[in-house]
Each structure stands twice: as structure tokens, then as C-alpha cells.
Amino acid sequence: MASEKMSHSNLRDLMWAEALEMLERAERLQRHFFQPGQGSPQPAWEPPADVFETPGTLWVIVALPGVPADRIEAHVEAGRLVVRGIRPLPGALRRARIHRLEIPQGRFERRLELPAGHYEPAASEIRDGCLVLQLRRLD
């Protein structure tokens with residue numbers, strides 16, 4: 001009976017250690033891919049996006065917290081939706097000491113392969129920190 005308790009305890013410890021290792025890897029990846037822009041013309045990060053299809057319409061939602069609408073460009077080119085722009089660090093914070101920076105800053109670009117077909121922009125809006133695009137299917 002004691003060895004049975006010991007094996008459950010060891011298994012729990014092993015699972016906990018693996019979970020912590022996975023969290024550490026995820027944090028390293030986030031730091032690697034979501035680094036603040038360094039004044040380079042190259043995009044520094046890719047915002048996450050969701051794509052939904054309804055009859056005749058493609059909906060794309062791109063998470064862009066704190067990005068002003070006038071800093072976003074979106075267009076369709078060669079079967080891809082391209083969303084790019086810049087998320088500026090507020091001026092008052094440019095000289096601040098950073099204790100934690102998890103929301104990406106600087107230039108961004110996201111290229112999304114669209115389902116087969118031809119699309120044109122139908123509507124767009126910024127809602128709840130997200131760019132919501134509606135693309136009309138032409139064929």
C-alpha cells in the first residue's frame with residue numbers, strides 16, 4: 001500500500017514538473033515572438049486572428065489592443081489578407097522603466113491565407129480592441 005501511495009505521489013510530482021516546464025517554454029516563445037519594435041521597418045510581431053465563414057461573407061477578427069484605427073492598414077492581395085500597422089507606446093511611457101511588457105509594441109503585420117475564391121472588403125470596425133473585417137465573396 002505504501003508503494004502505491006509513493007507511485008501516485010511520484011506521478012503527481014512528474015506531471016507538475018512537466019507542466020512547469022511547458023509554461024516556461026511558452027513564456028520563452030512569447031518573449032521571442034512578441035518583442036517590442038526597435039525602430040526597424042520590419043514587423044516586430046504578428047497579432048492573433050480568427051477567421052469565420054458565413055454564406056457569401058468571410059469574417060476576420062484581429063486582436064489589436066490599443067492600436068488606433070488610423071494606424072491600421074488592411075487589404076487583400078493574391079489570395080491573402082494583409083493587416084499591418086503600428087502599436088505605439090504612449091508618449092508618457094517612452095522614458096518609463098519597464099517592469100513587465102507583455103502586450104506587443106511597435107510594427108506588426110499579419111498575413112492570412114483566405115479560402116479559395118475572390119474577396120473584397122465590405123466593412124471594417126474597431127470593436128473591443130479588435131479589428132473586425134467583413135470580406136464579401138465575389139464568386
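The values are calculated or read from the model by the stated rules, or taken from the named source; none is laboratory data. Please read these numbers as outputs of a predicted model, since none were measured by experiment. Every residue, glycine among them, receives a Cβ derived from its backbone with ideal geometry; neighbour counts consider all protein chains shown.
Summary table below
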read-out	value
Check on Ala116, surrounded by fewer than 16 Cβ atoms within 10 Å (Cβ to Cβ), of a type in the set (A, V, I, L, M, F, W, C) and within 30 Å of Leu138 (Cα to Cα)	yes
Single match in Gly39, Gly66 (criterion: assigned to a loop (DSSP other than H, G, I, E, B), on the phi > 0 side of the Ramachandran plot and either at pLDDT 85 or above or in contact with a Leu (Cβ under 7 Å, 6 or more places away or on another chain) (or both))	Gly66
Residue count, segment 79-95 (criterion: modelled with pLDDT under 90 and in a loop (DSSP other than H, G, I, E, B))	5
Test: residue in segment 111-120 that is in a strand (DSSP E or B), at negative phi, modelled with pLDDT of 95 or more and acidic (Asp, Glu)	yes
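Table: residues versus (1) among the polar types (S, T, N, Q); (2) within 15 Å of Gly129 (Cα to Cα); (3) touching a residue at least 60 places away in the same chain (Cβ under 8 Å).
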position	(1), (2), (3)
Val60	no, yes, yes
Leu64	no, yes, yes
Ala74	no, no, no
Gly79	no, no, no
Gly91	no, no, no
Arg97	no, no, no
Gly106	no, no, yes
Arg111	no, no, no
